[in-house]
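S.K.: One structure, pasted below without further comment.
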Amino acid sequence: MNFMPDAYVTCEDCNGRRYGAELDELRWHGKSIADVLQMSFEEAAKFFSFHTQLSKLMQLMVETGLGYIELGQYSPTLSGGEAQRLKLVSELAKGMPTFKERQYNKGQGNLYILEEPTIGLHLSDVERLIELLHSLVDKGHTIIVIEHHLEVIKDADYLIEIGPDGGLAGGNLLYQGKVDGIKKVKGSVTADYMS
């Protein structure tokens, strides 16, 4: 089936700013709600620096390489990699300590299980993702990553390889231990690519 392409018409009342004149006149620190929605996450992290939880959430977006996206950007305009990282940030945000936990220094460590978080990411974004994962571990969280990307595998603290192939030809535990030990395993596809 052929569909017509999406068509967008700018609202004549708000001129695409999403809010009527009465709300557009309300200002906070010199910005209206429409101005805030046009900020990038990087700008918003500074703008909301007075609020620890909001600022940290915005900073998570920046750390995952999404600092350039506007707060009010429509989700259908995101690329696959951007959408993947946005999902990651939303999950990580659920584990952020509350005000009381921060106040009494009682942050709880969370367990994150990520399946192929590098899908659709550029190598520079993979490096940012690895840095973010390290910062989470440094804060007391545990992260299990199911991944084929060699840069992520090389950076792991502990490796479990299942194989030797997928489906019916797989399912056997080939190796578990420090990453360097995989090089000695015969029949490991991963070992051939580790240097």
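The values are calculated or read from the model by the stated rules, or taken from the named source; none is laboratory data. Quick caveat, the model's predicted, so the values are computed rather than measured. Neighbour counts are summed over all protein chains in view; Cβ atoms, including those assigned to glycine, are modelled from backbone coordinates with ideal geometry.
S.K.: I'm told Leu66 meets every condition in (1) among the hydrophobic types (A, V, I, L, M, F, W, C); (2) under 25 Å from Asp138 (Cβ atoms); (3) not in a loop (DSSP other than H, G, I, E, B) except one. Can you identify the failing condition by its number?
M.R.: Unmet for Leu66, out of (1) among the hydrophobic types (A, V, I, L, M, F, W, C); (2) under 25 Å from Asp138 (Cβ atoms); (3) not in a loop (DSSP other than H, G, I, E, B): (3).
S.K.: Shifting gears a bit: Looking at this structure, is Phe41 crowded, with 17+ Cβ neighbours inside 10 Å and over 18 Å from Ser135 (Cβ atoms)?
M.R.: no
S.K.: Just a yes or no: is a residue in the stretch 49-69 among the small types (Gly, Ala, Ser) and in contact (Cβ under 8 Å) with a residue 12 or more places away in the chain?
M.R.: Taking every residue of the stretch 49-69 in turn, at least one turns out to be among the small types (Gly, Ala, Ser) and in contact (Cβ under 8 Å) with a residue 12 or more places away in the chain.
S.K.: Condition first: modelled with pLDDT of 85 or more, closer than 22 Å to Ala44 by Cα and aromatic (Phe, Trp, Tyr). Can you find one or more residues in the stretch 74-89 that meet it?
M.R.: The answer is yes, given that some residue of the stretch 74-89 is modelled with pLDDT of 85 or more, closer than 22 Å to Ala44 by Cα and aromatic (Phe, Trp, Tyr).
S.K.: Determine which member of the set Ser124, Ser135 is loosely packed, with under 13 Cβ neighbours inside 10 Å, touching a helix residue (DSSP H, G or I) at 6+ places or on another chain (Cβ under 8 Å) and assigned to a helix (DSSP H, G or I). Step through it out loud before you land on a result.
M.R.: Values: Ser124 fails: touching a helix residue (DSSP H, G or I) at 6+ places or on another chain (Cβ under 8 Å).
So the residue among Ser124, Ser135 that is loosely packed, with under 13 Cβ neighbours inside 10 Å, touching a helix residue (DSSP H, G or I) at 6+ places or on another chain (Cβ under 8 Å) and assigned to a helix (DSSP H, G or I) is Ser135.
S.K.: Could you check the stretch 175-190 and list, in sequence order, the residues that are of a type in the set (A, V, I, L, M, F, W, C) and either closer than 14 Å to His148 by Cβ or out of contact with any strand residue (DSSP E or B) (no Cβ under 9 Å at 6 or more places or on another chain) (or both)? Quick ask: steps written out before the conclusion?
M.R.: Let us first name the residues in the stretch 175-190 that are of a type in the set (A, V, I, L, M, F, W, C), namely 179, 182, 185, 189.
Selection gives Ile182, Val189.
S.K.: If you take the residues in the stretch 24-42 that are in a helix (DSSP H, G or I) and in contact with a strand residue (DSSP E or B) (Cβ under 9 Å, 6 or more places away or on another chain), which one is farthest from His122 (Cα to Cα)?
M.R.: Looking at the filtered set, the residue picked out is Val36.
S.K.: Are there any pairs with C-beta distances below 7 angstrom linking a residue in the stretch 123-147 that is of a type in the set (Asp, Glu) to a residue that is part of a helix (DSSP H, G or I) and modelled with pLDDT under 85, with the two at least 6 apart or on different chains, and if so which?
M.R.: As it stands, the answer is Asp125/Gly81, since those pairs meet every condition given.
S.K.: Being in contact with a helix residue (DSSP H, G or I) (Cβ under 8 Å, 6 or more places away or on another chain), hydrophobic (A, V, I, L, M, F, W, C) and exposed (fewer than 15 other Cβ atoms within 10 Å of the Cβ): is that true of Leu26 here?
M.R.: Against the criterion (in contact with a helix residue (DSSP H, G or I) (Cβ under 8 Å, 6 or more places away or on another chain), hydrophobic (A, V, I, L, M, F, W, C) and exposed (fewer than 15 other Cβ atoms within 10 Å of the Cβ)), Leu26 qualifies.
S.K.: Is it the case that some residue within the stretch 70-77 is surrounded by 12 or more Cβ atoms within 10 Å (Cβ to Cβ), in a helix (DSSP H, G or I) and free of Cβ contacts under 8 Å to residues at least 60 places away in the same chain? Reasoning before the result, please.
M.R.: We begin by selecting, within the stretch 70-77, every residue surrounded by 12 or more Cβ atoms within 10 Å (Cβ to Cβ); these are 70-73.
Narrowing further to those that are in a helix (DSSP H, G or I): none.
Scanning the stretch 70-77, I find no residue that is surrounded by 12 or more Cβ atoms within 10 Å (Cβ to Cβ), in a helix (DSSP H, G or I) and free of Cβ contacts under 8 Å to residues at least 60 places away in the same chain, so the answer is no.
S.K.: Quickly run through the stretch 9-23 and pick out the residues that are modelled with pLDDT of 80 or more, under 22 Å from Leu71 (Cβ atoms) and assigned to a loop (DSSP other than H, G, I, E, B).
M.R.: Thr10, Cys11, Asp13, Cys14, Asn15, Arg18, Tyr19, Gly20
S.K.: Let me ask something else. In the stretch 90-121, how many residues are modelled with pLDDT of 75 or more, hydroxyl-bearing (Ser, Thr, Tyr) and loosely packed, with under 15 Cβ neighbours inside 10 Å?
M.R.: 1
S.K.: Oh, and also: Just need a number here: residues in the stretch 138-189 that are of a type in the set (Lys, Arg) and part of a strand (DSSP E or B).
M.R.: First, the residues of the stretch 138-189 that are of a type in the set (Lys, Arg): 139, 154, 178, 183-184, 186.
In the following step, the residues that additionally are part of a strand (DSSP E or B) were identified as none.
Of the residues in that region, 0 qualify.
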